[in-house]
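What follows is a short report on a single structure.
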Amino acid sequence: MALLEVESLGISFGGLRAVDNFNISVEKEQLYGLIGPNGAGKTTIFNLLTGVYKPDKGTIVLDGESMVGKNTIDINKAGIARTFQNIRLFKDMSVIDNVKVGLHNHHSYSTLSAVFRLPSYYKVEKEIREKAMELLKVFGLENEHDYLASNLPYGKQRKLEIARALATDPKLLLLDEPAAGMNPNETGELMDTIRFVRDNFHMTILLIEHDMKLVSGICEELTVLNFGQVLAEGKTSEVLNNPEVIKAYLGE
């Protein structure tokens, strides 16, 4: 059974059908791409998957459990984490504290131990800090752990957002244009990082991306969206050579 199964998903805004009869099946530990021209409905689908929007039809099943009707917090706890097209960090917090926010989803201590700083509080906080540093090392951010997130270069802010998403221990990681604003060297590093995350965290990754070098370099399968509907889907090489895709997406 696939990790993510979406069938007949749809939503309208003001009478306009933004997404209609969207279907996708993503296997465990797969790197799957969702592409399409601006306004095709890609980010709307991510918002549906994470509970920001409620679909007016269709099903979303993660690892056998329905996500429809759940709020964003419960969906995250169920195993879906995401990054955003426009980076959303806690910019007035340190790099490590951004990651610790995600880790607190799976670590807890009583209010009493927190208020009175009992040994159990310090034990949990030590575990969280150690795990946060491990994640930062994956992204080469350990030396900047005490920097304000806003003081990181743009490319490293992108990496920090992925690290924070991973801190919630997801089953499925949604990346919304992770290479946006990156130079070619940063994009190459990002490709290596995404592969590392998939292979070493056994992570399933669904990404939206416009950088075709990144898409063709890491995605095993693609779905192409146009005007809220699936235009093509399948193996990456086959989809990118589809004449309809070239015409609609590449503008040729």
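The values are calculated or read from the model by the stated rules, or taken from the named source; none is laboratory data. Remember, predicted model here, so these are calculated numbers, not experimental data. Here the Cβ is made from the backbone with ideal geometry for all residues, glycine too, and neighbour counts use every protein chain on show. These accessible areas exclude ligands, DNA and RNA; they are computed on the full protein's heavy atoms, side chains included. Shrake-Rupley method; radii C 1.70, N 1.55, O 1.52, S 1.80 Å.
Filtering the range 170-195 to residues that are polar (S, T, N, Q) and under 10 Å from LEU214 (Cα atoms) leaves only THR187.
The test for being closer than 19 Å to LYS70 by Cα, in a strand (DSSP E or B) and in contact (Cβ under 8 Å) with a residue 40 or more places away in the chain holds for GLY10. Checking each residue in the range 1-47 for being under 19 Å from LEU222 (Cβ atoms) and of a type in the set (Val, Ile, Thr) picks out VAL6, VAL19, ILE24, VAL26, ILE35, THR43, THR44, ILE45. Assess whether ASN38 counts as being polar (S, T, N, Q) and more than 16 Å from the chain's Cα centre (by Cα). Considered against the rule, which asks whether it is polar (S, T, N, Q) and more than 16 Å from the chain's Cα centre (by Cα), ASN38 comes out as yes. For the range 221-238, a residue qualifies if it is closer than 30 Å to PHE139 by Cβ, touching a Ser or Thr at 6+ places or on another chain (Cβ under 8 Å) and surrounded by 13 or more Cβ atoms within 10 Å (Cβ to Cβ), and the qualifying residues are GLU221, LEU222, THR236. Of all residues in the range 120-166, those being open to solvent by less than 20 Å² (accessible area, probe 1.4 Å) and within 26 Å of GLU5 (Cα to Cα) number 5. Which members of the range 210-252 meet the condition of being modelled with pLDDT of 90 or more and among the acidic types (Asp, Glu)? Passing the criteria: GLU220, GLU221, GLU233, GLU238.
For ALA132, the requirement of being among the small types (Gly, Ala, Ser), more than 15 Å from the chain's Cα centre (by Cα), in a helix (DSSP H, G or I) and closer than 14 Å to VAL95 by Cα is met. The residues of the range 2-14 that are on the phi > 0 side of the Ramachandran plot and open to solvent by 80 Å² or more (accessible area, probe 1.4 Å) amount to a single one, GLY14. Applying the condition of being out of contact with any Gly (no Cβ under 8 Å at 6 or more places or on another chain) and either aliphatic (A, V, I, L, M) or part of a loop (DSSP other than H, G, I, E, B) (or both) to the range 13-28 and asking which residue is nearest to ASP199 (Cα to Cα) yields LYS28. Going through (1) hydrophobic (A, V, I, L, M, F, W, C); (2) in contact with a strand residue (DSSP E or B) (Cβ under 9 Å, 6 or more places away or on another chain); (3) within 18 Å of GLU134 (Cα to Cα) one by one, PHE196 falls short only on (2).
When restricted to residues that are open to solvent by 10 Å² or more (accessible area, probe 1.4 Å), more than 18 Å from THR236 (Cβ to Cβ) and hydrophobic (A, V, I, L, M, F, W, C), the range 167-202 contains 4. Of note, LYS213 does not satisfy the criterion of being farther than 23 Å from GLU144 by Cα and crowded, with 16+ Cβ neighbours inside 10 Å. Within the range 21-42, how many residues are surrounded by fewer than 17 Cβ atoms within 10 Å (Cβ to Cβ), at pLDDT 95 or above and under 23 Å from MET191 (Cβ atoms)? Matching residues across the range 21-42 total 3. Residues that are over 22 Å from GLN85 (Cα atoms) and either open to solvent by 50 Å² or more (accessible area, probe 1.4 Å) or outside any strand (DSSP E or B) (or both) within the range 43-69 comprise ASP56, LYS57, THR59, ASP63, GLY64, GLU65, SER66, MET67, VAL68, GLY69, listed in sequence order.
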